[in-house]
Amino acid sequence: MANFLSNALKHVLIAASFTGAAATGAAAATKPTIVLVHGAFADASSWNGEVTRLQRAGYRVIAPPNQLRGIENDAASVASLLKTINGPIVLVGHSYGGPVIEAAAYGNPNVKALVFVSAYLLDEGESVAGLGEKFPTSQLTPAALTKVPFATATGEDADLYVNPQAFHSVFASGLPEAQASILQATQRPLAASALSGKATAPAWKSIPSWAVLSTEDLVIPPDEQQYMYDRAKAKITPVAAGHTALVSHPELVTKVIEEAAATVR
């Protein structure tokens, strides 16, 4: 009888453990998928700090390559990816990734929240270059860039790279020299034509938005960020950081992403 009761108790405990595991799995499955879109002069590895923390918290995370060929092209690529994801999505963009996510999210009911990190946030008909003319204090000037021309089907374009001299002092300000040097060497160029590409249907007009405002940003001036984020009625979190706040302050950026994710039902 004692053996029978002992064996019965073991079966109860095993069943309970499976039930608990299933419940934990079900809870994890309710979390939204986090999609992280990098900006110009960078690649998806710039999100490494956030990916590590979000995965540890139980989120599914995808950080796809941004083609950096123009808002329309890049948004279409991201939108195609979003269509393959079941369930709710929190879509995050850094810098030039901002206009890409706001276009990619448009019309997709699964995208429940947008997060802009030191990012452009354009209204319909605006371009990165056009809006920048209203806030002319950016230190990422044409003199800080190198052009590498290439032919297109309809004419010519050029890849833009940040010069080594300006990369650390302007683009990666606040990062250690060694880290900035690696980012400079591995930067991905932006097509020059992308700067004049105009936003069409910005999703922030219908999807709740969050924003990380870098108060020491030398690429997108803080007053420009404030203007864009206020216009979108985004929930703003300031950070004393340069343009690469996602690299220098991954804890804070992750916290903002999780705040957005917590509102998703």
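The values are calculated or read from the model by the stated rules, or taken from the named source; none is laboratory data. These figures come from a predicted structure and were not determined experimentally. Because the Cβ atoms are built from the backbone with ideal geometry, glycine has one as well, and the counts that use them run over all protein chains shown.
Mind counting the residues in region 200-246 that are modelled with pLDDT under 95 and within 15 Å of Ser138 (Cα to Cα)?
Count: 0.
Check every one of the helices (runs of 4 or more DSSP H) wholly within region 221-265 and list those with 2 or more residues that are among the acidic types (Asp, Glu). Before you say what the answer is, go through the steps one by one.
Numbers: elements: 222-231, 245-248, 250-262.
Helices (runs of 4 or more DSSP H) meeting the threshold: 222-231, 250-262.
Hey, could you check region 51-67 for residues that are within 19 Å of His249 (Cα to Cα) and aliphatic (A, V, I, L, M) and say which is surrounded by the most Cβ atoms within 10 Å (Cβ to Cβ)?
Checked region 51-67; the qualifying residue surrounded by the most Cβ atoms within 10 Å (Cβ to Cβ) is Leu54.
Starting from residues that are without any contact (Cβ under 8 Å) to a residue 60 or more places away in the chain and of a type in the set (A, V, I, L, M, F, W, C), keep the ones in region 43-78 and report whichever is farthest from Ile101 (Cα to Cα).
Among those residues, the one meeting the criterion is Val51.
Go through (1) under 16 Å from the mean Cα position of the chain (by Cα); (2) of a type outside the set (A, V, I, L, M, F, W, C); (3) buried (at least 17 other Cβ atoms within 10 Å of the Cβ) and name the single condition Gln187 misses.
Gln187 satisfies all of (1) under 16 Å from the mean Cα position of the chain (by Cα); (2) of a type outside the set (A, V, I, L, M, F, W, C); (3) buried (at least 17 other Cβ atoms within 10 Å of the Cβ) except (1).
Output the residue which, of all residues in region 215-232 that are polar (S, T, N, Q) and without any contact (Cβ under 8 Å) to a residue 40 or more places away in the chain, is farthest from His249 (Cα to Cα). Spell out the reasoning first.
So in region 215-232, the residues polar (S, T, N, Q) come out as 215, 225-226.
Those still in the list that are without any contact (Cβ under 8 Å) to a residue 40 or more places away in the chain too: 215, 226.
Working: Thr215: 13, Gln226: 19 Å.
Ranking the qualifying residues of region 215-232, first place goes to Gln226.
(1) of a type in the set (A, V, I, L, M); (2) over 16 Å from the mean Cα position of the chain (by Cα); (3) modelled with pLDDT of 95 or more; (4) part of a loop (DSSP other than H, G, I, E, B): which one isn't true of Leu195, the others all being true?
Unmet for Leu195, out of (1) of a type in the set (A, V, I, L, M); (2) over 16 Å from the mean Cα position of the chain (by Cα); (3) modelled with pLDDT of 95 or more; (4) part of a loop (DSSP other than H, G, I, E, B): (4).
Give the residues of region 119-143 that are without any contact (Cβ under 8 Å) to a residue 40 or more places away in the chain and closer than 29 Å to Ile236 by Cα, sorted by residue number. Can you show your working first?
Residues of region 119-143 without any contact (Cβ under 8 Å) to a residue 40 or more places away in the chain: 133, 136, 141-143.
Residues satisfying the conditions are Glu133, Pro136, Thr141.
Every residue in region 54-75 that is at positive phi and in a helix (DSSP H, G or I), please. Steps first, please.
Of all residues in region 54-75, those at positive phi come to 58, 68, 70.
The answer is none; no residue qualifies.
Counting residues that are in contact with a helix residue (DSSP H, G or I) (Cβ under 6 Å, 6 or more places away or on another chain), which strands (runs of 3 or more DSSP E) fully inside region 76-165 reach at least 3?
On the way: elements: 89-94, 111-117, 145-151, 156-162.
Passing ranges, in order: 89-94, 111-117, 156-162.
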